[in-house]
Amino acid sequence: MSTVLVKGGTVVDAGGSRRADILIEDGVINEVAETVVGPAGATVLDADGAIVSPGFVDLHTHLREPGGEDAETIETGARAGALGGYTALVAMPNTNPPIDCAAVVEQVLRLGRVAPCQVVSSGCITKGRAGEELAPLGELHGLGVRIFTDDGTCVADAGLMRRALEYARALPGAVLAQHCEDPQLARGGHMNEGAWSSWLGIPGMPAEAESVVVARDIALAGLTGGRVHFLHLSTAASVDLVRAAKARGLAVTAEAAPHHFTLTDSLCCGYDPMFKVNPPLRTDGDVKAVKEGLADGTIDAIATDHAPHPAQEKERPFDEAPPGMLGLETALALTITELVGPGLLDLPRALALLSWQPARLAGLADHGGPVAPGRPAHLCVFDPEAVWEVDPTRMASRSRNTPYAGRKLTGRVRHTLLAGEPVVIDSQAQR
Amino acid sequence: MRNPPAWTAPDPSPGSGHWLLRARVFEADDLKRAVTRIAHEIVERNHGAEDVVLVGLYTRGVIVARRLAAAIASFEGVEVPVGALDVSFYRDDIALRRVSPLGPTQLPGDVKDSVVVLCDDVLFTGRTIRAAMDAVVDFGRPRAVQLAVLVDRGHRELPIRADYVGKNLPTKWDEDVRVHFDESDGDDGIEIWELVDPEEEPGGAT
Amino acid sequence: MKHLLGIDDLGAEGIAEVLRLADSFLEVTRRDIPKVPALRGKTVVSMFYEDSTRTRLSFETAAKRLSADTMTFSAGSSSLRKGESLLDTVRTVEAMGIDAIVVRHKSSGVPQRISGWIEASIINAGDGWHEHPTQALLDAFTLRRHRGDSFAGMKVAIVGDIKHSRVARSNVKALSALGADVTLVGPPTLMPPDLEGWPVTISYDLDEVLPTTDVLYVLRIQMERQQEALFPSLREYATRYGVTRERLARLSADALVMHPGPTNRGVEIDALVADDPRSVINEQVANGVAVRMAVLYLLLGSGEGRAA
C-alpha cells in the first residue's frame, strides 16, 4: 500500500480555493483537510507555498511515435509533460503510420501505459489524413478515441467534413477537431502574411486562410448538429467567429497555444525557423484577441501543440524547415507570466484552461479534479512565483526547438502525481 | 584633382599630446628654386626630356610632378607628360588600417621604354615608393624608374633611395614634415612639426 | 563592416563609400593588367545554390582582380546536392580557411543565418525574394555616372513583379536612402501583400507614371508566375505593363532605362529597347565587376584590426 501526503499547499480546483493537505492511498485521494497527519512510512511531498491543482490535460501533443522517434518518443514526451504538470496528453495522429486504424491506436496506448503521464490517443478523421475517405471512426471510438482530427492538415472537402460531423453524432463523446487552414489560400506560405512577410521576402499565409475554415465549420456544425473543436486558434477573426457562434448556442469549442498568446511574426526577422510554426505567429492584434478570448470564455482550453523537431531540421533555411515548437514544459509558466501576472485572468481561470476544461472536452472523467476524496490522484503541485530560466539543453524532450530559450519565466512545477505516484519530485523527473 | 585631405598627422596615442610647429625650413622662394634645380637635374641626367614621364604620387606628389613639368617646359621647351598614381591598393599595410583610394590613376599612354620619374613630396620609410614601383610595373616595362622628392627625411625601412632631392632634412621619428603648396594648402613652404607631450609643456597640461 | 546581407548594412554613407571605391576599381578594370594586390592571400568562396553564371562570374572576376584566391561551389556540384546540411557545408568550407563566402540561395534569409554560424564575411548574392544588394549598388553606380551624386528628387519607377523580386527590395532601400522618389508599378497581384512602412508610391497604371519618370527600371517576369493565377496571360501582362516602343516614345528623352537582366524580349521589354540611347542595360553589367570589387575590398581589404 503506497501512501503519499501532499502537505502545506493551497488546493485550487473548479470548486474554489482552500488551504489543505491531501492524503493519497493506492492512487486515490483519501482525505483533504486543513491538517492531515500521515501514517509512518508515507511519502511526504512538501507543498508549502505552492498551489495544488488537478493535473493538466493537453488536448494537443505531438508525441511523434510511431515513425518520428528522432524527434520524440511517447516516453520522452510524457516525461516532458509530467515536468510541465500534465497528467494526461492527447497524442495527435499525424504519426507514421498515422493513427487511422486500430493497430496504431493499440500501439500508442500500449507504449503510453508505462509512460509517466497518461497517454490518450486521438484518431484521424480521414484515412491516412488524405482528406478523401472517412477513417473507421466507430472502430476507433470503440478503443476509447474521443478526439478525431487530421491535424497537420485541414479537412478541406466541405462535403466530407459534413458527413464526418453527421456520422460522429452517433458516437457518444466524440468531437471532431479541425486544423483550420484553407490549403489554397495558405499554399506556399511559411509565415503570417503581412508587413513582416513582405519585407522579409517570405511567402505568407493570410489570417483568412484560418478564419475561412472556422466560418465554414461553424456553419457545418449548425447544419449537422455535430460537435466541432477548433485547434490552435491564432487570429482575431477566428476568435470573433467562435464568440458569435457560442452566443448563438452552437456546440463549438476552441483551444489556443501559448505561442499564440506570447509571440508575434516580427520574431521571424532573423529567419530563424525556431519561430516557424503552423498556424504561424501572427500580429500584435491577433495576440491581444487570443488573450481576450481566453479571458472571456470564448476559448475553452490552452493546448500546447507540442511539436518536437530534431536540431538539424530546424537548422535548414526558413522555408525548408518544418513548423513547430516545443510546449509542454513551458505552458504553465507562460500562462502565469503573460496572463495571470498581468491580471488578464485569475489563477482559477488559468487552471480551468489548463486542466478541468480540457479534461471535460477530451472526455477524461478521471482528470481535471475535483480534488476530493474518492477521486484518482492526478495532481500538479506548482510554485506560482518561482522564477526560472528556460534552458533547452535541460529539457526532458528529445528535441530542443523551444522559442523561449534564455527567457526568465514565472511559475514552476514542483511535483506531479500520476494516479498517486510522484512522477516528478522537486522539479526532477522520477522516471 | 580632388582636394587633398587636411593634414592628417600620424596618430598620436591617446592622451600623448598634440602637434606644434618646430621650424619652417623652406619659404616659397626656396621651394621654387629646389623645383627648378631638380627639373634641370632630370633633364641633365637623362640627356634631354624626350623619353621622360613624370608620375606624381597622390596627393601632393602630383603637384610636384606638375610643377616639374612646368619648369622643364619653360627652360627646355618640351612638354613632358604628367601622370597621377594612386598606390593605395599596393600598400603593404592594407590589412592593418583603413585604406581608401585617393584619386583616379591616370598614366599617360604606355610606360614601355620610358623613363618614369616618380614624384613625391616627402621620402620617409620608402614603403610608398616600393608600392609605387609595383604599380608602375603593372602598367608596362619602363626603361628606367627614377625618384624625385622635395624632402628626404631619413628613416628608411626598405632599400630605396631618391635620385633627385630638394632638401635633405634629418628628423626625429616622431616629427612630421609638411610640404605646403599654394594649389592645395594656400601657401608654399616646408615645415617641421613635433609631437609635444602635455607634461613637458611649460605651464603644465592644457 | 563585416557582412553585406542587405542594403541596410550600409546605409546612405556606406552606399556612397562603395560607389567612391567603385570609381577607382572601374579604372583598374580598364588597365592592360587589370589587377591590384589589395586582397592578396585572401580566399573568397562562391556558394551558388541557385544557378547564375553571370553573377557568379562577376563576383569571381572581382575577387581575382583584387588578387584574392577563389573557390566555387555551384548548384550542379555534388557538394551542394541534398544530403549535407547547409550548416555542415559552411562549417566544412570554413575549416579550409576562408575569408568570405558569396552566397546565393533560393531561400530568403540564408546569408543571414550563415553569418551567425561561422566567422567569415558573408556577401549576399541574392536570397529568395529578399535582397540582392550588389545589384542595387551597381544600379546606383550606373545612375551616378549619368546623373552625378545627387539623387534627391530623382523619380524612379520600378515596373514588374515586385512581390517576388529581391532586386526590387534592395533597390527600394538603396534609392530611398540616396534620396530618390520611388514608385512601384505593376498589377496588384504582383505587389507585396502589405506595403506598410515602404518608402514608395504605388501605381497600377504604367502609362500614367511614364511621362514624369526619370529612370525606368524594368524587372523580369518569370514565365512560371503565369501558372499561379497572378495574371491571366503573358500577353495581357505585356499589353498592360510591357515596355513597348509606344511606351518608350512617351518616356522623356532624358530618361534612362534599366533592367537587371537577363531580359525576356517581348514580355516585359521590347527587343528594340536595347538599342535605345536611353538604355544603360549593358553598362549595368559592365559596372558589376567594379562594384563587387568595391564590396569585397570594403569587407576584406581595409583591415580595421581584423585578426590575422
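A few remarks follow.
- Tally, over region A:238-274, of residues that are hydroxyl-bearing (S, T, Y) and more than 18 Å from A:C180 (Cβ to Cβ): 4
- Candidates C:S252, C:S233 - the one that is surrounded by fewer than 12 Cβ atoms within 10 Å (Cβ to Cβ) and outside the structural domain of C:L66 (by TED's automatic domain parsing): C:S233
- Screening region A:393-428 for residues that are without any contact (Cβ under 8 Å) to a residue 60 or more places away in the chain and outside any loop (DSSP other than H, G, I, E, B) and picking the one that is farthest from A:E313 (Cα to Cα) gives A:Q428.
- Number of residues in region A:151-169 that are among the hydrophobic types (A, V, I, L, M, F, W, C), in contact with a helix residue (DSSP H, G or I) (Cβ under 8 Å, 6 or more places away or on another chain) and surrounded by fewer than 17 Cβ atoms within 10 Å (Cβ to Cβ) equals 2.
- Consider region B:159-189 and keep the residues that are out of contact with any Ser or Thr (no Cβ under 9 Å at 6 or more places or on another chain) and among the aliphatic types (A, V, I, L, M). The one that is nearest to B:M133 (Cα to Cα) is B:A162.
- Qualifying residue in region A:185-204 (condition: more than 14 Å from every other protein chain (Cβ to nearest Cβ) and assigned to a helix (DSSP H, G or I)): no
- Evaluation of C:D194 against the conditions (1) more than 14 Å from every other protein chain (Cβ to nearest Cβ); (2) without any contact (Cβ under 8 Å) to a residue 40 or more places away in the chain; (3) surrounded by 13 or more Cβ atoms within 10 Å (Cβ to Cβ); (4) of a type in the set (D, E) shows that the sole unmet condition is (1).
- Residue check for A:R282: assigned by TED's automatic domain parsing to the domain that holds A:W196 and farther than 27 Å from A:L347 by Cα: no
- Taking the conditions (1) surrounded by 13 or more Cβ atoms within 10 Å (Cβ to Cβ); (2) without any contact (Cβ under 8 Å) to a residue 40 or more places away in the chain in turn, B:D176 satisfies each one other than (2).
Yes or no, residue by residue, for (1) crowded, with 22+ Cβ neighbours inside 10 Å; (2) assigned by TED's automatic domain parsing to the domain that holds C:R220; (3) over 18 Å from C:E268 (Cβ atoms):
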| site | (1), (2), (3) |
| --- | --- |
| C:A152 | no, yes, yes |
| C:V156 | yes, yes, no |
| C:V159 | yes, yes, no |
| C:I162 | yes, yes, no |
| C:L178 | no, yes, yes |
| C:P187 | no, yes, no |
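- Considering residues of region C:1-34 that are of a type outside the set (A, V, I, L, M) and over 21 Å from C:Q284 (Cα atoms) only, the residue nearest to the other protein chains (Cβ to nearest Cβ): C:D32
- Count of region C:13-45 residues which are among the aliphatic types (A, V, I, L, M) and touching a Pro at 6+ places or on another chain (Cβ under 8 Å): 2
- Scanning region B:91-116 for residues that are acidic (D, E) and within 10 Å of chain C (Cβ to nearest Cβ) gives B:D92, B:D93, B:D110.
- Among the residues here, A:A321 qualifies as more than 30 Å from A:A33 (Cα to Cα) and either in the same structural domain as A:H190 (by TED's automatic domain parsing) or free of Cβ contacts under 8 Å to residues at least 12 places away in the same chain (or both).
- Any chance B:L118 is buried (at least 22 other Cβ atoms within 10 Å of the Cβ) and in a helix (DSSP H, G or I): no
- A:F275 vs. criteria under 30 Å from A:V6 (Cα atoms) and in contact (Cβ under 8 Å) with a residue 24 or more places away in the chain: no
- Some residue of region A:386-394 being at negative phi, β-branched (V, I, T) and touching a strand residue (DSSP E or B) at 6+ places or on another chain (Cβ under 8 Å): yes
- Looking only at region C:198-227, and only at residues there that are within 19 Å of C:L184 (Cβ to Cβ) and assigned to a helix (DSSP H, G or I), the one that is farthest from the other protein chains (Cβ to nearest Cβ): C:P211
- Any helices (runs of 4 or more DSSP H) falling wholly within region C:1-99 and containing at least 2 residues that are buried (at least 17 other Cβ atoms within 10 Å of the Cβ) and either among the small types (G, A, S) or assigned by TED's automatic domain parsing to the domain that holds C:H146 (or both): C:11-29, C:53-65
- Some residue of region B:131-144 being more than 14 Å from every other protein chain (Cβ to nearest Cβ), buried (at least 22 other Cβ atoms within 10 Å of the Cβ) and under 22 Å from B:T105 (Cα atoms): no
- The one condition from (1) in contact with a strand residue (DSSP E or B) (Cβ under 6 Å, 6 or more places away or on another chain); (2) crowded, with 19+ Cβ neighbours inside 10 Å that A:D366 does not meet is (2).
- Selection within region C:104-147 - among the polar types (S, T, N, Q), within 14 Å of chain A (Cβ to nearest Cβ) and part of a strand (DSSP E or B): C:N124
- Residue-level analysis places A:D48 outside the set of residues that are charged (D, E, K, R) and touching a Ser or Thr at 6+ places or on another chain (Cβ under 7 Å).
- Condition check for B:V145: in a strand (DSSP E or B), closer than 16 Å to B:R67 by Cα and either of a type outside the set (S, T, Y) or within 15 Å of the chain's Cα centre (by Cα) (or both): no
- Lone qualifier among C:T212, C:T201 - being farther than 28 Å from A:S266 by Cβ, surrounded by fewer than 22 Cβ atoms within 10 Å (Cβ to Cβ) and polar (S, T, N, Q): C:T212
The values are calculated or read from the model by the stated rules, or taken from the named source; none is laboratory data. For clarity, every value in this text was computed on a predicted model and none was experimentally measured. In this analysis, Cβ positions are derived from the backbone assuming ideal geometry, glycine residues included, and neighbour counts consider all displayed protein chains.
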